[in-house]
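See structure below.
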Ligand SMILES: Cc1cc2nc3c(=O)[nH]c(=O)nc-3n(C[C@H](O)[C@H](O)[C@H](O)COP(=O)(O)OP(=O)(O)OC[C@H]3O[C@@H](n4cnc5c(N)ncnc54)[C@H](O)[C@@H]3O)c2cc1C
């Protein structure tokens, strides 16, 4: 089987490459290989009743399949160069912003119209933050919500399905360089292409490392973010989330000078498990539809850990901490902030007696047995700092779920076209280590597609 272009991974990066390529040149023969299921077959078995926690499915429907890790996400498309990746370092800030806006336009055309676009520009909250040495990052945030995000993905699939050959449940095992292009192997069969776009996301990080080793593509890696997911009554953050929806607030802790930041804020949302390579961590999402909303807001507090030589395995460090929480709690651990401060573990009864109902069934425990002191101290300092702009954050009943880990793929050596040292082999999205978000990953897909179109 011979294609002009093979795309590996049907997350936002892969989808937007396929979209832009088929739009720009309908004659192109394009195939998309995806390890996970088609969108309508993606289903996480956790129902809260019969199956309460992760059973480690062969293909995790939360992380894999058409739509990638973003399919059941909150669908927050942050249009900014301040966070979500470093695409701008490769293609420039202006172009990166333009591409993110273009992606937003497409999302609106395919079912997102009517959803809200929030912005931090001119927000009084920014001034309030600075008074307390908290720093609000600039962004426009399109909140599709998990429900609308799913509709948009469904519409994009319908648009593409007759123009592109989709191979679902088809993990790509290897990529090799052949005369005039590349050969990929999936389920024992070989497929050839002139150009190959690799967009395997975070779940494909280990595979990506192997491919880079095999093809001699230089990489570097030195960062992991570790922390907790905070859950509290929606009222505590309502004055912020009603105006901005998502606020990325950064704080430099007085004790160690570490940077702690809020991440992935989900007003009236739910806390969920995340399974990365068999390790259970925590995440969150929320729905646009008021009928599906909860009375809690959740967000992550993350401490960025940068390592220097000789240590190279930053993700391994994060995994070890997550494994510790899995070992003690059988999965994610939940603790009341009050219990953490008093130095006692949370118990079922203390959680039941508290004024907040957890949205995730997690094991009550003691996060101080899991998180390194430096990270835990940073989180506690940040909670007290946030309490000044959102009083109630440091209440005893505030729930902390751990651990939340943001693994960063090693950064792959690519040029301004996101092309590897091997011509015609592009590495994009979260799998490249350059992006960490829906908007940046999607924009990287459009960028590469346009580059390929311009060369043909
Ligand atoms: C629960 C959750 C909530 C999130 N919420 C948000 C949010 O609100 N806003 C935001 O900006 N970001 C969010 N994110 C992050 C966001 O989903 C990712 O940044 C984005 O999906 C990255 O897109 P991608 O295309 O690079 O990779 P992915 O979306 O990870 O897609 C990669 C795809 O490649 C496939 N794949 C991997 N290896 C292979 C292989 N060898 N062969 C074939 N296929 C392979 C995978 O199965 C996967 O489907 C969230 C993530 C999660 C898990």
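Just so it is clear, none of the values below were taken in a lab; they were calculated from the coordinates. What you see is a predicted model; the values in this text were computed from it and never measured. Heads up, the Cβs are rebuilt from the backbone with ideal geometry, glycines too, and the neighbour counts pull from every protein chain shown.
What to note about this one:
- Share of pairwise Cα separations in the stretch 63-134, more than 20 Å, in percent: 49 percent
- Cα-only Debye scattering, the stretch 326-438: base-10 log of I(q)/I(0) at q = 0.10, 0.20, 0.24 Å⁻¹: -0.46, -1.01, -1.30
- For the stretch 81-222, the pair-distance distribution built from all alpha carbon pairs, in bins 5 Å wide starting at 0, is 2, 7, 11, 13, 15, 16, 15, 10, 5, 3, 2, 1, 0 percent.
- Considered as an equivalent ellipsoid built on the Cα gyration tensor, the stretch 256-300 has semi-axes of 23, 17, 7 Å, the largest given first.
- Residues residue 213 and residue 190, FRET efficiency given R0 of 25 Å [Cβ-Cβ distance, rounded to 0.05]: 0.75
- The eigenvalues of the Cα gyration tensor, multiplied by 5 and square-rooted, give the stretch 12-55 an equivalent ellipsoid with semi-axes of 35, 9, 8 Å from largest to smallest.
- Per-peptide packing, taken as the mean over residues of other Cβ atoms within 10 Å, places 207-217, 347-357, 17-27, 292-302 in the sequence 292-302, 17-27, 207-217, 347-357 from highest down.
- Longest to shortest principal axis, alpha-carbon extents of the stretch 414-456, angstrom: 29, 19, 12
- For peptides 50-56, 223-229, sequence by mean Cβ density within 10 Å, most packed first: 223-229, 50-56
- Treating each Cα of the stretch 198-245 as one equal point scatterer and applying the Debye formula with no solvent, the log10 of I(q)/I(0) at q = 0.20, 0.25, 0.28, 0.29 Å⁻¹ comes out as -0.77, -0.99, -1.09, -1.12.
- On Cα atoms only, tilt of 12-24 relative to the major axis of the chain in degrees: 40 degrees
- Each residue, residue 124 and residue 453, gets one label point 7 Å from its Cα in the Cβ direction; the gap between the two is 4.5 nm.
- Semi-axes of the equivalent ellipsoid for the stretch 128-168, Cα gyration tensor, largest first, Å: 40, 11, 8
- Dividing the radius of gyration of the alpha carbons in the stretch 373-456 by their Kirkwood radius gives 1.25 for Rg/Rh.
- Alpha-carbon Rg/Rh ratio, for the stretch 1-125, with Rh computed the Kirkwood way: 1.03
- Viscosity 1.306 mPa s, temperature 10 °C, Stokes-Einstein D of the stretch 259-400 from Kirkwood C-alpha radius, µm²/s: 99 µm²/s
- The stretch 192-351 - Rg (one decimal) and Dmax (whole number), Cα, Å: 18.9, 62
- Förster radius 22 Å - calculated FRET efficiency between residue 242 and residue 349 (Cβ-Cβ, nearest 0.05): 0.05
- Dividing the alpha-carbon radius of gyration of the stretch 152-237 by the rule-of-thumb value 2.2 N^0.38 Å gives 1.58.
- For the stretch 246-334, the spread of Cα positions along the three principal axes, ordered from largest to smallest, is 51, 33, 19 Å.
- Inter-site label distance for residue 89 and residue 255 at 7 Å from Cα along Cβ, in nm: 2.9 nm
- Of every Cα-Cα pair in the chain, the percent that sits beyond 39 Å: 18 percent
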